[in-house]
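Below: one structure, written as structure tokens.
No lab work stands behind these numbers, since they all come straight from the coordinates. What you see is a predicted model; the values in this text were computed from it and never measured. All Cβ positions, even for glycine, are placed from backbone atoms using ideal geometry, and neighbour counts span all protein chains on display.
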Amino acid sequence: MKSQRALLIDTTLCIGCNACQDACKAQNHLPVGEEKKLTATAYTALEEHDGVFVRRMCQHCVTPTCASVCPVGAFTKTPEGPVLYDESKCIGCRYCIQACPFQVPKYEWSNNYPRIQKCRFCAERLAQGLPTACAEACPTGATTFGDRDDLIREAHKRIAAEPGKYIDKIYGVQEVGGTSILYLSSVPFEQLGFTTKLENMVMPMYTWNALSKIPSVVSVGGVFLYGIWWITNRRTEVQRLERSLENLDKKNTNHNDN
Amino acid sequence: MKRKLQSLTFWKIVAGIIIASGLYATYIRFTQGLGASTHLSDQFPWGLWIGFDILCGVGLAAGGFTLAAIVHIFNIKRFEPILRPTILTAFLGYVLVIVALLFDLGRPLQIWHAIIMWNPHSVMFEVAWCVMLYTTVLALEFSPVVLEKFNLTRPLKIIKRMTAPLIILGVLLSTLHQSSLGSLYLIVPEKLYALWYTPYLPVFFYVSAISVGCAMVIMESFLSSKAFKKGLEMNLLTEIGRIIVVMLAVLLTMKLMDLSNREAFPLLLLPRWETYMYWLEIGVGIIAPLVLLSIPKVRQNSTGLFAGALLVIIGFVVNRLNISITGMEAWAKVSYFPSWMEIAITLMIVTTGFVVFSLAARYLPVFKHGADPKAARPHGFEEELLYLSQSRHVEVV
């Protein structure tokens, strides 16, 4: 199988020039203007934490939470890596916003027919064999595009080459079962606003544990309820029969008496 | 007489104001969108409409499947006199939940997508299907009342024959989605505050739905007896009170065991907003009614029983709002309070429920025992007579 496409974001190389956001906005026809947070009009944004710039965007999880919670399957994980949203399916329940462990999906609250907005991993460019617009625009190589396995190897190489510079962790390898966006950092990730409790937590498993019990609840429950109904109903019927027999007996004795 | 008239006009004015403001809010909601009408945001995407209208609405309608199971599956026919109004309450409850959902969904016109676009991995998908199917089941369970009214004997016979499988289906569907409303929150282990997040959320949702469903049966009987000047089936309601005691005891035990398993007891003493709200929910909604209703004298007294049921309902609502709002605020780093339009629309939906119920009770044989010869009980003919002799003419309000 072809390995998945991924991005490696090395926060130590980022100079905060915002070229990635500009390129992203141009690529996706979003209103121009610098935004410091992910919004419905910014698929990627640069956050600054004590002088360190961190690019935020959809993590394109290997097992995406949004795709698992969406009741109408409006999200799909494509084999190449992108997690894509289909607005023609969406009913607007906003469970994806509620459930996403990275707070990525944003809503068009002021729109009367709103869509979810988030990074599309430049799926159309990927299909043409091109890298994402942001990776192409990055002047310092802070964002690099490639195969996920290759990028993980590359990240390990960078950590091994400069152990003093990097902390020994690649964010996105284990988190929620793995993501397509990988991060390197010189400071602990929680200082950069990352959730660090998500290691190895494949989110869809939490609900699947409950959902997978449905067939047994239905079959055992159905048989159980039918059984109770059968027993109690039978009891009533027997009682009724007995009473009518009694009445018949009484009638007969009365008849005989006469 | 004059006083009665005054109070009548008062409630009509209140209902009028609620409906008028609700309709205005509806106009804003559907012309300018969710952003203009609600205090929802990307940080807080689910608010009052999900927390109250959906989570509480479905739970408060749980009396329908509980009492239907008691009467038809456990075959305890003496509860039949209060079954019809309960089924009506449940049916209206579910219809209003769907109406509320149309307000909350960003793209309400595509609500039907869940029928053809399947995602069996989604809890929301399962809830959607169960609610659709169960609303249909409730409509069928209530249909005899309408069919009787119009003397349609043939469909009535068909429905009566379908009763057992229908009721079993209803109980199964209710079991699935009442618990699944809790499962919705299993996906946010890092977001929902630890006092509420537990793998047992679906179980807690289910058990609390049964106890609040019973409390709603009591509440609904009391309100009907006041509104329609009919007698109270106190002996039946007292027994329902006993079921509540058992369910609350089960719920409390499970909650304590769960806190202990998760070593979450220290959280009960942290001086935080969540702690106070948790104590409110447990104290008012579980411990107080558990103590009150365990006392036979309280249970057999109409005021005591009513108070106990009311506490259970309040505690239930606090619990659902805690999970959907209180427990999510700390993580979201925003405090959410609904906009006046969210509140107005919620009140309008609740008011509509009351109005439709009273109309149905006025024009349909809701408070009439279904005339099924098979349902005649082996014992208690006297009670039957007593029941029939009670003054139960419906006064037109």
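Given only helices, namely DSSP H runs of n ≥ 4 each adding -39500 (n - 2.57), what is the per-residue ellipticity at 222 nm of chain B, to the nearest 500 deg cm²/dmol?
-22000 deg cm²/dmol
Convert each backbone phi in the range A:154-168 into a coupling constant with the Karplus relation 6.51 cos²θ - 1.76 cosθ + 1.60 (shift: θ = phi - 60°), then list the ³J(HN,Hα) values in order as whole Hz, x for Gly and Pro.
4, 5, 4, 4, 5, 5, 5, 5, 10, x, x, 7, 9, 7, 7
Which aspartates and glutamates, if any, have their Cα less than 17 Å from the Cα of residue B:230, not counting same-chain residues under 8 positions apart?
Partners found: B:80, B:220, B:383, B:384, B:395.
Let me know the volume per residue of the alpha-carbon convex hull for chain A, in Å³.
So the per-residue hull volume is 206 Å³.
Under 1.5 on a/c is rounded, so check that first for the range B:10-121, then, if it is not, pick prolate when a/b is larger than b/c and oblate when it is not; a ≥ b ≥ c are the square roots of the alpha carbon gyration tensor eigenvalues.
Oblate, since a/c reaches 1.5 and b/c is not below a/b.
Which whole-Hz ³J(HN,Hα) couplings does the range A:66-72 yield from phi under the Karplus relation 6.51 cos²θ - 1.76 cosθ + 1.60, θ = phi - 60°, glycine and proline marked x?
The phi angles translate into 4, 5, 7, 7, 5, x, 10 Hz.
Relative contact order, percent, of chain A when contacts are C-alpha pairs under 8 Å separated by at least 6 residues?
That works out to 23 percent.
Longer than 29 Å from Cα to Cα, which of A:77/A:106; A:77/A:169; A:106/A:213 are they? Say none if no pair is.
Long pairs (Cα-Cα over 29 Å): A:106/A:213.
Quantify how strongly other chains surround peptide B:165-175 by giving the mean number of their Cβ atoms within 10 Å of each of its Cβ atoms.
Taking the mean over all residues of the peptide, I get 3.
Below 15 angstrom from the Cβ of residue A:16, what's the summed charge of the other residues (Lys, Arg +1; Asp, Glu -1)?
-3
Diagonalise the Cα gyration tensor of the range B:184-342 and give the resulting equivalent ellipsoid semi-axes, square root of 5 times each eigenvalue, largest first, whole Å.
After diagonalising the Cα gyration tensor, the semi-axes are 31, 18, 13 Å.
Would you tally the net charge around residue A:249, using a Cβ to Cβ cut-off of less than 12 Å, leaving residue A:249 out, and scoring K and R as +1, D and E as -1?
Here the count lands on +1.
Of B:236, A:142, A:193, which is farthest on the positive side of the dipole of the protein assembly as shown, counting Cα position, with +1 on Lys and Arg Cβ, -1 on Asp and Glu Cβ, and the Cα centre as origin?
Comparing the listed Cα positions along the dipole, B:236 ranks first.
Return the aspartates and glutamates within reach of residue B:333: Cα separation strictly under 15 angstrom, same-chain partners fewer than 8 residues apart disregarded; answer none if there are no such residues.
B:42, B:190, B:274
Enumerate the amide H contacts of residue A:61 below 5 Å, restricted to partners 5 or more residues apart or on another chain; note that Pro and chain-start residues carry no placed amide H.
A:180
So how tilted is helix B:340-363 from the main axis of chain B? Cα-based, degrees 0 to 90, rounded to 10.
The helix B:340-363 is inclined about 10 degrees to chain B.
Given 10 Å bins starting at zero, what is the percent of C-alpha pairs of the protein assembly as shown in each, up to the one with the largest pair distance?
Using 10 Å bins, I get a P(r) of 3, 14, 22, 22, 16, 10, 7, 4, 1, 0, 0, 0 for the protein assembly as shown.
Taking GluC sites (Glu not before Pro) that fall in a DSSP loop and have at most 11 other Cβ atoms within 10 Å as cut points, what is the longest piece of chain B between them?
Here the longest segment lacking exposed loop sites spans B:1-262.
Choose one answer from A:243, A:55, A:153: the residue with the largest mean-square fluctuation in a GNM of chain A with alpha-carbon springs under 10 Å.
Among A:243, A:55, A:153, the largest mean-square fluctuation in the Gaussian network model of chain A belongs to A:243.
Taking other Cβ within 10 Å of each residue's Cβ, how do B:124, A:205 sort, fewest first?
Ranking B:124, A:205 by Cβ neighbours within 10 Å, fewest first, gives A:205, B:124.
Helix B:302-321: angle to the longest alpha-carbon principal axis of chain B, degrees 0 to 90, nearest 10?
That helix lies at roughly 30 degrees to the long axis.
Report, in debye and to the nearest 20, how large the dipole of chain B comes out about its Cα centre when Lys and Arg carry +1 and Asp and Glu carry -1 on their Cβ.
About 1240 debye.
Suppose every Lys and Arg Cβ carries +1 and every Asp and Glu Cβ carries -1, with no other charges. What dipole size does the range A:213-257 come out with about its Cα centre, to the nearest 20 debye?
260
Along the positive direction of the dipole of the range B:47-389 (beta-carbon charges: Lys, Arg +1; Asp, Glu -1; about the Cα centre), which of B:360, B:106, B:134 reaches farthest?
Most positive-ward Cα: B:360.
Largest first, please: the extent of the C-alpha atoms of the range B:185-265 along each principal axis, to the nearest Å.
51, 22, 16
Calculate the translational D of the range B:47-389 in whole µm² s⁻¹ from Stokes-Einstein, where the hydrodynamic radius comes from the Kirkwood formula applied to all Cα pairs, the temperature is 25 °C and the viscosity 0.890 mPa s.
117
So for the range B:114-258, considering every pair of alpha-carbon atoms, how many percent are separated by more than 26 Å?
Considering the range B:114-258, 45 percent of its Cα-Cα pairs are separated by more than 26 Å.
Which of the aspartates and glutamates could a cross-linker bridge to residue B:297, judged by Cα under 14 Å and excluding same-chain residues fewer than eight apart?
Excluding near neighbours in sequence, the set is B:239.
Amide H neighbours of residue A:201 under 5 Å, counting only residues 5+ apart in sequence or on other chains, H built in-plane at 1.01 Å?
A:176, A:177
Kindly identify the range A:34-115 as rounded, prolate or oblate by the Cα gyration tensor criterion: order the square roots of the eigenvalues as a ≥ b ≥ c, call it rounded if a/c is under 1.5, otherwise compare a/b with b/c, prolate if a/b is larger, else oblate.
oblate
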